[in-house]
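Notes for the one structure printed next.
The values are calculated or read from the model by the stated rules, or taken from the named source; none is laboratory data. Quick caveat, the model's predicted, so the values are computed rather than measured. Cβ placement follows ideal geometry from the backbone for every residue including glycine, while neighbour counts extend to all protein chains displayed.
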Amino acid sequence: MTNQIESILIIKLGALGDFVQALGPCAAIRRHHSDARITLLTTAPFIELAELSGYFDDIWIDDRPAWWRVLTILALRRRLRSGRFNRIYDLQTADRTSFYFRLMGRPRPAWSGIAPGCSLPDPNPDRDRLHTIERQRGQLAAAGIEEVPLPDLSWAQRDTGDGAALDCGFDIAPGFVLLVAGGSAHRPTKRWPAAHFAEIAKRLSALGHQPVLLGGPADEAATRTVAMAHPGVVDLTSKTSLIDIVTLARAASGAIGNDSGPMHLIAAAGCPSVVMFSSESDPALCAPRGADIEILQRASLDDLDVNAVEAAMRLR
């Protein structure tokens, strides 16, 4: 008679910053269930990160179908049930994923999360007042996992050779500083003015640090403003993968950016970082964590002076 391999599902759909902060819990689950087969249910942008982490044996993609797409919901239900999971860790803890608990049928697997009726609920009534990392640590402690590390992206580093040049294909001089001038497209008040980024880019150049802009298609208006104002900037808007960003962060002298997913990646990679928050988000609940991170907050980022940002920089 052979022992059946334990089957575990972790649910973490996004967004990027939340996914990065869930990597510590994923590592803890992998360690706790060292002999299990672990499946991750996530969204398409995070496949490469998930594959490189080594935490998961299988990765399933959830396109988060609208509730009225009945056939797609039924297909998702079939897939979830086909996994025959012994235990499910819902790290998304949203209404959507609590609904997935109901899709599992009976008998339901052991479920860690906040779904009504689940067997391993997070009992803390104040969980929504906690930072994401403390909230997830409390959830896993209730499921029997006591040690949960901070996110560690050492496995995501590309080979940078002798350090003189990056193997991710970008012609950048050593000592560069990353600038993340974009952010949530539907929350523009989370962005420091692009003109301020242009000014900090000029000051960095004067100090001998090449400014390097990062961003996606939704950030092009902001990054174009910075690049046009200062021709010494290297503009990598829409040219980097998530792994490229981690690689760049490991080689950079520092980073300055808005509260955004890329800044979570950069900070978790160990890059000295200045992260700027407006009243739109609360750093006590969601700021990147790490040894060399400076958080600056103003009710309006229009009121955050360039001198204050320059003074907060800790370049290596």
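Observations
- Sole residue being modelled with pLDDT of 95 or more and either β-branched (Val, Ile, Thr) or surrounded by fewer than 16 Cβ atoms within 10 Å (Cβ to Cβ) (or both), chosen from Arg135, Arg106, Arg96, Arg87: Arg96
- Only a single item in (1) in contact with an Asp or Glu (Cβ under 8 Å, 6 or more places away or on another chain); (2) of a type in the set (Val, Ile, Thr); (3) in contact (Cβ under 8 Å) with a residue 24 or more places away in the chain is not met by Val233, and it is number (1).
- Failed criterion for Thr247 (all others in (1) at pLDDT below 95; (2) surrounded by 22 or more Cβ atoms within 10 Å (Cβ to Cβ); (3) more than 18 Å from the chain's Cα centre (by Cα); (4) closer than 20 Å to Asp171 by Cβ hold): (3)
- Index of the failed condition, Glu310 passing every other in (1) touching a residue at least 24 places away in the same chain (Cβ under 8 Å); (2) under 23 Å from Gly208 (Cβ atoms); (3) surrounded by 17 or more Cβ atoms within 10 Å (Cβ to Cβ): (3)
- Take the conditions (1) charged (D, E, K, R); (2) free of Cβ contacts under 8 Å to residues at least 24 places away in the same chain; (3) in a helix (DSSP H, G or I); Arg106 misses just one of them, which is (3).
- Filtered residues of segment 85-100 (kept if touching a Pro at 6+ places or on another chain (Cβ under 8 Å) and either more than 16 Å from His33 (Cβ to Cβ) or part of a loop (DSSP other than H, G, I, E, B) (or both)): Phe85, Asn86, Leu91, Ser98
- In summary, Cys286 fulfils each of the numbered conditions (1) surrounded by fewer than 24 Cβ atoms within 10 Å (Cβ to Cβ); (2) farther than 30 Å from Arg127 by Cβ; (3) in contact (Cβ under 8 Å) with a residue 24 or more places away in the chain; (4) of a type outside the set (S, T, N, Q) with the single exception of condition (2).
- The single condition among (1) surrounded by 19 or more Cβ atoms within 10 Å (Cβ to Cβ); (2) of a type in the set (S, T, N, Q); (3) under 25 Å from Leu153 (Cβ atoms) that Ser7 does not satisfy is (3).
- Filtered residues of segment 10-54 (kept if surrounded by 17 or more Cβ atoms within 10 Å (Cβ to Cβ), under 13 Å from the mean Cα position of the chain (by Cα) and among the β-branched types (Val, Ile, Thr)): Val20, Thr42
- When Tyr89 is tested against (1) farther than 15 Å from Lys12 by Cβ; (2) touching a helix residue (DSSP H, G or I) at 6+ places or on another chain (Cβ under 7 Å), exactly one condition is not met: (1).
- Only one entry of Asp282, Asp305, Asp235, Asp244 meets the criterion of being out of contact with any Leu (no Cβ under 6 Å at 6 or more places or on another chain) and within 30 Å of Glu51 (Cβ to Cβ), and that entry is Asp244.
- All of Ser241, Ser278 fail the test of being among the polar types (S, T, N, Q) and surrounded by 19 or more Cβ atoms within 10 Å (Cβ to Cβ), apart from Ser278.
- A count restricted to segment 272-296 and to residues that are charged (D, E, K, R) and assigned to a strand (DSSP E or B) stands at 1.
- A single member of Ala252, Ala185, Ala268 is more than 22 Å from Ala308 (Cβ to Cβ), at pLDDT 95 or above, in contact with a helix residue (DSSP H, G or I) (Cβ under 9 Å, 6 or more places away or on another chain) and not assigned by TED's automatic domain parsing to the domain that holds Asp18, and it is Ala268.
- The number of residues in segment 119-143 being outside any helix (DSSP H, G or I) and closer than 18 Å to Ile11 by Cβ comes to 5.
- Residue count for segment 55-73, restricted to those that are loosely packed, with under 12 Cβ neighbours inside 10 Å and either in a helix (DSSP H, G or I) or modelled with pLDDT of 95 or more (or both): 2
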